[in-house]
Amino acid sequence: MFFIPKFLKPKKNLVNLLRVLAGVNKKPNIQKLIKSVDVYNEPLQKVFLLASVVSKFDKSLLSKQLAGVLSHEKFGNAMNMAAFQKICKLYNNNGIVPLAQKGLVQKLLYPQSTRPMNDADFAVPKNVYRNAINLATTDGFHINHDMLFSADLQLRDQGCVDVHYALFKGANPRMDDEIFNRASHLNTMGCDVLIPSPEDIIVIIMCEFYGNFLFEAGSADTDTNKIFDSHPQWVLDTYKIIHDYPELNWGKIMKTAKMSGYDYQIRILTKLLNKIIPNIIPHHAQKVMEYMCPDRVVKHYLKRDKKLVYMHQQSYKYYQMENL
C-alpha cells in the first residue's frame, strides 16, 4: 500500500469545486464556496472553476470579477482556437495532420464547453517538426519560446499554439509512435486533425500533469502548494473521458505509460482521482493497474519524487528570505 504524497493533495476548497463540477455534490452552498476562494490572490485557474460553479447554479451571485474571468477565458479560447484553425489548415495543405493534446482534445470533443486553455497544444511527427515550425513562421506566427521538445507560437498579437514533436518530456519515441498510430481522424472547422484513443487521452492528461508538477517544482520561484491550484483541469478532463468511455482498457493505459516509466504516475493519480471523485475508477481497473505496477514500484519512484520536491521547498524558503 502506498500513500498519496502530501505535495499532490489539493486544498479543500479546490476539491469542493471539482466535486461540484463533476456532479458529485448536486446541491452546493454557493455562498460558502464563494467565500472559500480569494479571487484576488489565488491562481486564475481555480478562480475560473469558482466562476463556472456560480454561473452554473446561480448567475445572480456572479461578481464583476468572476464574470470577467469567464469572459476572459471565453475570449482567450476563441483566439487560441482561431490560431489552431489557421495553422491546422496550413499544415493540412502541406500534408501534415496534427495530433491534438490536453485542452485542445477537450475543446474538439466537447466544443460547447468552456475550458481554460492557455494555448492549443498539439504534436506533429518528429520528421516534419522543423518544417512545421518554418511553415508557421512564414505564415504570420512568431516564436515565443523554442524549447527542447516544443515551440510556443503566437499568431501576431492574437491566439497561441504549442507545437510538440515529443508528446512528453523525455518520453520513449516508440510511445509517441503508438499514440499516433492509434489516433482517429476528426474533420472539424475545415481541418483534419488526429484525436488520440480514449486510453491515450488518459495517459497524456495524467502524465503531462505529473510531469509539469515535477518540472515546476524545480523552479526557484514556484510555491509547490499552488501548483495543483494552477493545473486543476486535469481532474475534470480525466473524469469526462472515464465517464464517457466506461469500457476503457486500463491494461493498455498502463502498458503505454510503462514505455517511458510513467506507469507509477498513473497509479498515483488514479488513486488521487478516486479521493476527489469517489469510485470513479472501477475496482477491476485498480486491480489491473496494481498487477502491472505493484506498490513497491510506486514507492520506489515516489521516494525519488519526494526528495526532489523537498529540495525545492527548501530552496523556495531560501528564495523568499532573499527577496524579502
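Can you find a residue in the stretch 35-57 that is within 28 Å of residue 152 (Cα to Cα), of a type in the set (A, V, I, L, M) and in contact with a strand residue (DSSP E or B) (Cβ under 6 Å, 6 or more places away or on another chain)? Scanning the stretch 35-57, I find no residue that is within 28 Å of residue 152 (Cα to Cα), of a type in the set (A, V, I, L, M) and in contact with a strand residue (DSSP E or B) (Cβ under 6 Å, 6 or more places away or on another chain), so the answer is no. The condition (being in a helix (DSSP H, G or I), at pLDDT 95 or above, more than 20 Å from the chain's Cα centre (by Cα) and under 30 Å from residue 189 (Cα atoms)) is satisfied by just one residue among 34, 87: 87. Considering 167, 104, 109, the condition of being of a type outside the set (Asp, Glu) and in contact with a Lys or Arg (Cβ under 9 Å, 6 or more places away or on another chain) is satisfied by 109 alone.
Flag: residue 76 matches the condition of being at pLDDT 85 or above, more than 27 Å from residue 199 (Cα to Cα) and within 18 Å of the chain's Cα centre (by Cα). Only one of the listed residues (68, 95, 76) is out of contact with any strand residue (DSSP E or B) (no Cβ under 8 Å at 6 or more places or on another chain) and assigned to a loop (DSSP other than H, G, I, E, B). That residue is 95.
Being within 25 Å of residue 299 (Cα to Cα), part of a helix (DSSP H, G or I) and over 18 Å from the mean Cα position of the chain (by Cα) is a description that does not apply to residue 271. Scanning the stretch 186-212 for residues being over 18 Å from residue 242 (Cα atoms) and among the small types (Gly, Ala, Ser) gives a total of 2. Quick check on the stretch 64-73. Is at least one of its residues within 25 Å of residue 273 (Cα to Cα), free of Cβ contacts under 8 Å to residues at least 60 places away in the same chain, exposed (fewer than 13 other Cβ atoms within 10 Å of the Cβ) and basic (Lys, Arg)? No.
Yes or no, residue by residue, for (1) among the aromatic types (Phe, Trp, Tyr); (2) free of Cβ contacts under 8 Å to residues at least 60 places away in the same chain:
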site	(1), (2)
3	yes, yes
6	no, yes
11	no, no
16	no, yes
19	no, no
28	no, yes
36	no, yes
39	no, yes
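Contact annotation: residue pairs with Cβ atoms under 7 Å, 6 or more positions apart or on different chains, pairing a residue in the stretch 110-129 that is of a type in the set (Asp, Glu) with a partner that is assigned to a loop (DSSP other than H, G, I, E, B), are 121/101. Residues of the stretch 157-182 that are of a type outside the set (A, V, I, L, M, F, W, C), under 21 Å from residue 141 (Cα atoms) and either surrounded by 17 or more Cβ atoms within 10 Å (Cβ to Cβ) or under 20 Å from the mean Cα position of the chain (by Cα) (or both): 159, 162, 164, 165. You will find that of 92, 127, the residue that is polar (S, T, N, Q), in contact with a Pro (Cβ under 9 Å, 6 or more places away or on another chain), over 22 Å from residue 230 (Cβ atoms) and at pLDDT 90 or above is 92 and no other. Taken as a whole, the stretch 130-153 holds no residue that is surrounded by 15 or more Cβ atoms within 10 Å (Cβ to Cβ), within 19 Å of residue 92 (Cβ to Cβ), at pLDDT 90 or above and in contact with an Asp or Glu (Cβ under 6 Å, 6 or more places away or on another chain). Just the residues that are under 22 Å from residue 235 (Cα atoms), of a type outside the set (A, V, I, L, M) and part of a loop (DSSP other than H, G, I, E, B), please, taken from the stretch 98-119. Result: 101, 110, 111, 112, 113, 114, 115, 116, 118, 119.
Counting only helices (runs of 4 or more DSSP H) that sit completely within the stretch 185-268, those holding 3 or more residues that are farther than 21 Å from residue 4 by Cα correspond to 198-217, 233-244, 250-258.
Considering the conditions (1) surrounded by 16 or more Cβ atoms within 10 Å (Cβ to Cβ); (2) in contact (Cβ under 8 Å) with a residue 40 or more places away in the chain, residue 278 is excluded by exactly one of them, (1).
The values are calculated or read from the model by the stated rules, or taken from the named source; none is laboratory data. Not measured: the values here are computed from a predicted model. Note that we place each Cβ from the backbone using ideal geometry, even for glycine, and neighbour counts take in every protein chain shown.
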